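Working notes, structure below.
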Amino acid sequence: MSDGTATAELDVRLEKHRVELTGYCYRMLGSSFEAEDAVQDTMIRAWRSYEKFEGRSSLRSWLYRIATNVCLDMLTAGNKRARPMDLTDSTPLAQAALSPRPDNTWLEPVPDARVLPTTDDPAEAAVAKESVRLAFVAALQKLPSKQRAVLILREVLAWKAGEVAELLDTSVASVNSALQRARATLAEGEGKVAPADVSDPLDDEQQKLLERYVAAFEGYDMAALTALLHEDAVMTMPPFDLWLTGTGDITGFMTTLGAPCAGSHLVPVAVNGLPGFAQYKPDPEKGGFSAWAVQALEISEGRIAGFHCFLDTARWFPLFGLPLHLEGKPDQAQ
């Protein structure tokens, strides 16, 4: 076998693991872009040191070991990504001000296709989706980095304690202790935000809810939107640290500071295991519609418990494979 053929075969074998490794690194880092950088670094390290790989573990386990080390190195800077509600109190509408924070402050959205491997097992798919939802990934960011790795490997990826101990060069007792502490920390934070209970695929009621949401948002019908929201629904808008609670403040914001969003067009996207939309708002200068936000919706008990609008369109729309501008009227936009 020629060196070129061997290299091509190794590339194929490594690439088979890219999506699941990206999902792992995303959960560790809370950043879609840093996760892709971490996986690329992992692939380069694996490619360079493959001759030293002795096959004592599977290629997959070896790649996870490398990816874990890459992520732990990246986390030594101490930066913990967060959502607005993790950093400040909810702001009453009367005091609402749009104050941005640096990009590296925020938990980032990620397209499902980049982090969720295809599987024929519905239960496995459901666990994977739950584990990339914004509330869960935000909770992970509050854990020390090694506890974070242990919890993801044990609870999300279903590795055995012995396998995790080998990967982290530690003892089974240490792994079990880290898992127990991580679970306790996550339990302390439960209940602060309503959980998302979205079925996969969406059931009829959830699909109808989303259709009503699109009609209400595109029509900028605040009465119809209020009927779809939980009374204590949450709205966030990174990179701004402002977040709003309750239907009155949310719709009040949308008709004041958010008034230019009237007449927007929504395009469905799959984001963080949740239903979502790319929002394009009317562009009075160019005509048509310009990218404005990627929205991730949390549904609970038949209503929308939260909608999270990520406004850095120059970063998010290309990541989701979306154009930055649409021509035509809403019913004609492609």
>> Along its three principal axes, how long is the chain when you only count alpha carbons? Whole Å, largest extent first please.
In response: 63, 48, 39
> Counting only Cα, what are the radius of gyration and maximum Cα-Cα distance Dmax of the range 4-122, in Å?
Replying inline: 18.3, 65
> Given a Förster distance of 22 angstrom, what is the FRET efficiency for LYS142 paired with GLN40, based on the Cβ-Cβ distance and rounded to 0.05?
Replying inline: 0.25
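In the P(r) worked out for the range 93-234, what percent of Cα pairs fall beyond 25 Å? Could you put the intermediate results ahead of the total?
On the way: 4710 of 10011 pairs.
Here the tail beyond 25 Å accounts for 47 percent of pairs.
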> Residues with amide H under 5 Å of ALA233's amide H, sequence separation 5 or more or different chain, H placed in the peptide plane at 1.01 Å from N; which?
Replying inline: GLY246, THR247
> How much FRET efficiency would the formula 1/(1 + (r/R0)^6) give for THR118 and ASP73, where r is the Cβ-Cβ distance and R0 is 30 Å, rounded to 0.05?
Replying inline: 0.50
> Build a GNM of the chain with springs between Cα atoms under 10 Å: which of TYR220, TYR24, TYR280 gets the top mean-square fluctuation?
Replying inline: TYR220
>> Quick check: the angle from helix 59-75's long axis to the longest principal axis of the chain, C-alpha only, nearest 10 degrees?
In response: 60
>> At 7 Å along Cα-to-Cβ for each site, give me the label-to-label distance between ARG303 and GLN95 in nm.
In response: 2.5
> Going highest first, how would you order 33-45, 310-322, 137-149 by mean Cβ packing within 10 Å?
Replying inline: 137-149, 33-45, 310-322
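How do TRP47, TRP292 stack up against each other in accessible area, from largest to smallest, with a 1.4 angstrom probe? Working shown, then result.
Values: TRP47 120, TRP292 90 Å².
The most accessible residue leads, giving TRP47, TRP292.
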>> Using the basic label-point model (7 angstrom from Cα toward the beta carbon), what is the VAL12 to HIS325 distance in nanometres?
In response: 4.3
> Separation of the range 195-274 and the range 38-114 by C-alpha centroid, Å?
Replying inline: 27
> Tell me, what HN-Hα J-couplings in whole Hz come from the Karplus equation 6.51 cos²θ - 1.76 cosθ + 1.60 at θ = phi - 60° for each residue of the range 300-315, using x for Gly and Pro?
Replying inline: 9, 6, x, 9, 8, 8, x, 9, 10, 10, 9, 9, 7, 4, 4, 8
> Which distance in nm do the two modelled labels at SER171 and ALA215 give, with both placed 7 Å along the Cα-to-Cβ direction?
Replying inline: 6.3
> Which residues' amide hydrogens lie under 5 Å from the amide hydrogen of ALA293, considering only partners 5 or more residues apart or on another chain, with H built in the peptide plane?
Replying inline: GLN279
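With r defined as the distance between the Cβ atoms of ASP283 and LEU257 and R0 fixed at 22 Å, what FRET efficiency is calculated, to the nearest 0.05?
About 0.75, to the nearest 0.05.
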> Tell me, what is the percent relative contact order of the range 200-309, built from C-alpha pairs under 8 Å that lie six or more residues apart?
Replying inline: 25
> Which whole-Hz ³J(HN,Hα) couplings does the range 233-250 yield from phi under the Karplus relation 6.51 cos²θ - 1.76 cosθ + 1.60, θ = phi - 60°, glycine and proline marked x?
Replying inline: 4, 10, 10, 10, 8, x, x, 7, 7, 5, 9, 10, 10, x, 5, x, 5, 5
> With every protein chain present, what is the per residue accessible area of the chain (1.4 Å probe, Å²)?
Replying inline: 48
> Roughly how many percent of the accessible protein surface of the range 81-207 is carbon and sulfur, given a 1.4 Å probe and a whole-percent answer?
Replying inline: 51
> Which of PHE253, PHE53, PHE277 moves the most in a Gaussian network model of the chain with Cα springs under 10 Å?
Replying inline: PHE53
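The values are calculated or read from the model by the stated rules, or taken from the named source; none is laboratory data. This is a predicted model, so every value here is computed, not measured. Please note: Cβ atoms are built from the backbone with ideal geometry, for glycine as well, and neighbour counts cover all protein chains shown. What goes into the accessible areas is simple: the full protein's heavy atoms, side chains included, and nothing from ligands, DNA or RNA. Shrake-Rupley method; radii C 1.70, N 1.55, O 1.52, S 1.80 Å.
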